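Heads up: the structure comes next, in structure tokens.
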Amino acid sequence: MGYINLLGSVLTVFRKMFCTCTNPSKGDYTGVKIPYTYAKLEKCTKDVNWINEALRAMGTMAPENEVLTVEVKPFGPSAGFYSELACISLTYKIPDPLLPTEVIAKFLPRGIEKRLVMDLVLMQKYEVVSYFFLLRNHEKYQIKECPILIPRPLFVDYCTATNQSVILLQRITDTLGSQRDRNIRLDYAKAMVSGMARYHAYYWPINGKWQHEESKRLSGAINPVFQIVSVKLKLLMGTTLKLLKEQNGYVIDKQYAKRIKKSLSEGLMRMLVWMDNSPFQTINHGDPRLDNWFFKEKKGENGEVDEVEGGLYDFALAVRSPCYYDVSWMLSHSWPNDFTNDHEEEFLSLYWDTLKANLPKECKNSQTLLFGDFRTGYALAQLMCFAKCNIACEALAKMDKNGSEYKEKIRICMNGTQGCLEIIQRMNVMDMFDDMLDGNLPHSSVKNRRRTVANAAGHRRSSEILANEEAQGSPPMSGRTNSVLAHISEVRPSDTGTGAKGSGATVHPVDDN
């Protein structure tokens, strides 16, 4: 039945793609015409009428103000896998610090295959929902400021009938730089981890009910793409491991590779169902790797950096799923693997402390959430990350292998893939996965307090949290995860800091200054 539904989804997407080619659409939320390609945007901005109508309909520009000039330029190469971008320069009758003059426009991608993926997962729709409803409506939920830095949305809209969309955002210039920068600063990495925790806490359901009603507009973790992946994984994985050997010289044990291939291809959808029932549900960003972050430094009177705040953009993969879905992807795909290995426990405990400090006070079950459960989910989510890496490798195979863009993307993808596999082996994830398939991995179980204790042995704060949970009492464990306790992982040198400094602070959309 699932694959019949998938076929129906594909046919619906093709119908909407045909509508896109023939019928211009107005947005569901503002009623303003959607320039869904670069050519359409150029046509709409030959004068200032459209941009003025759009900004006023969105409520981002006061009625007495107006745009005087608008200039559209191509963004340049490397616009991303699943989007086309353009640059817009604006001048206003009344200068306003809340109205950026440099703007990025984001459209649907070119090409049938990319468009098919975008429309099946509704990536543009979910990004519009994130910016239009969730990130700009914090006042509706009695929150004075957005919980994390974001680019200021000027105009976002989407048409359900055709999947047409356009997103106009403040252009962010102070990003960290190239992903996998080996000069990554620890304070920047901590800003990402604590920012991710505040973002997740902001959307946390209260007693099983989503406090932001618009959250229901987003999809759950189970989507058609992973049904396709579960079928193709056996074929894709061989190519991925071959590329990993060629690019990084990294070779995984053949028997272990066969175990991953067989178990994951047969049990991927069951793991998605398991995660869909997790007590750690929230709104996930979906792609919180380093490339989707920007940073603001706060300096003291002596000119030294006192605090770093991290901000997020690109919410196309926003989804309702367990919080560790984001954490696993961020840690495996943001930094060099040796950096992650050295600081993994520090990041996990920092995330946990910050999350707990920022969960809604009305959330009665916050005290029953267990670090051991979170770590078990984080470990299993690395298998989801590895599955996503195989999708990326398939897309890379269609690129020009002599181009500089391919070389950079294949480097990033292979480093991330290696990071996933290293964590999978280090945390004995396949044992947990087999227990999950056997029905021996219940959520909120005291068993999970001890599943990953061996991996935390080298970090004071992680060990302290797990020890406190262990003191509450744990019955003997059964199943394959006994091997986790027998396996003493490599003790990684790690900072023993425990605090979530500034974890209670809320921040606002970044200004242009």
Task: Per-bin percent of Cα-Cα distances, segment 355-449 [10 Å] - done: 14, 32, 25, 19, 9, 1
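Ignoring ligands, DNA and RNA, what percent of the 1.4 Å accessible area of segment 208-344 is carbon and sulfur?
Values: 2730 of 5650 Å².
Answer for segment 208-344: carbon and sulfur cover 48 percent of the accessible area.
How high is the FRET efficiency between MET269 and LYS364 when r is their beta carbon distance and R₀ equals 25 Å, given to the nearest 0.05? Could you put the intermediate results ahead of the total?
Values: r = 32 Å, r/R0 = 1.27.
Given R0 = 25 Å and the Cβ-Cβ separation, E is 0.20.
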Task: Solvent-accessible ranking of TRP335, TRP329, largest area first, probe 1.4 Å - done: TRP329, TRP335
TODO: Determine the share of segment 356-409's accessible area contributed by carbon and sulfur atoms, expressed in whole percent, with a 1.4 angstrom probe.
DONE: 51 percent
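Beyond 20 Å, what share of the Cα-Cα pairs of segment 203-322 is found? Please give it as a whole percent. Don't jump to the answer; show the numbers that get you there.
Numbers: 4570 of 7140 pairs.
Roughly 64 percent, once rounded to a whole number.
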TODO: Determine the alpha carbon to alpha carbon distance for each of LYS40/LYS106; LYS190/LYS361; LYS262/LYS388; LYS33/LYS93; LYS245/LYS401 and list only those over 20 Å.
DONE: LYS190/LYS361; LYS33/LYS93
Task: segment 148-163 versus segment 283-358: alpha-carbon centroid distance in Å - done: 23 Å
Task: Cα-based equivalent ellipsoid of segment 204-254: semi-axis lengths in Å, sorted from largest, via gyration tensor - done: 38, 15, 9
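Residues with beta-carbon under 13 Å from that of THR91, excluding THR91: net charge, scoring Lys, Arg +1 and Asp, Glu -1?
Working: positive: LYS93; negative: GLU66, GLU71, ASP96, GLU102.
Here the count lands on -3.
Hey, what's segment 288-399 come to in accessible area per residue, 1.4 Å probe, Å²?
Values: 3360 Å² over 112 residues.
Per-residue value: 30 Å².
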Task: Using θ = phi - 60° and Karplus 6.51 cos²θ - 1.76 cosθ + 1.60, couplings along segment 344-356 (whole Hz; Gly, Pro as x) - done: 4, 5, 4, 5, 5, 6, 5, 4, 4, 5, 5, 4, 4
TODO: Arrange the residues VAL72, VAL128, VAL273 by how much accessible surface each exposes, largest first, with a 1.4 angstrom probe.
DONE: VAL273, VAL72, VAL128
TODO: Determine how many Å³ per residue the convex hull of the Cα atoms of segment 292-430 encloses.
DONE: 163 Å³
Open item on the list: Can you order the peptides 211-222, 399-410, 150-161 by their average number of other Cβ atoms within 10 Å per residue, highest first?
Closed with: 150-161, 211-222, 399-410
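The values are calculated or read from the model by the stated rules, or taken from the named source; none is laboratory data. Everything quoted here is computed from the prediction, not taken from an experiment. Every residue, glycine among them, receives a Cβ derived from its backbone with ideal geometry; neighbour counts consider all protein chains shown. To get the accessible areas, we keep the full protein, side chains included, count just its heavy atoms, and leave off ligands, DNA and RNA. Shrake-Rupley method; radii C 1.70, N 1.55, O 1.52, S 1.80 Å.
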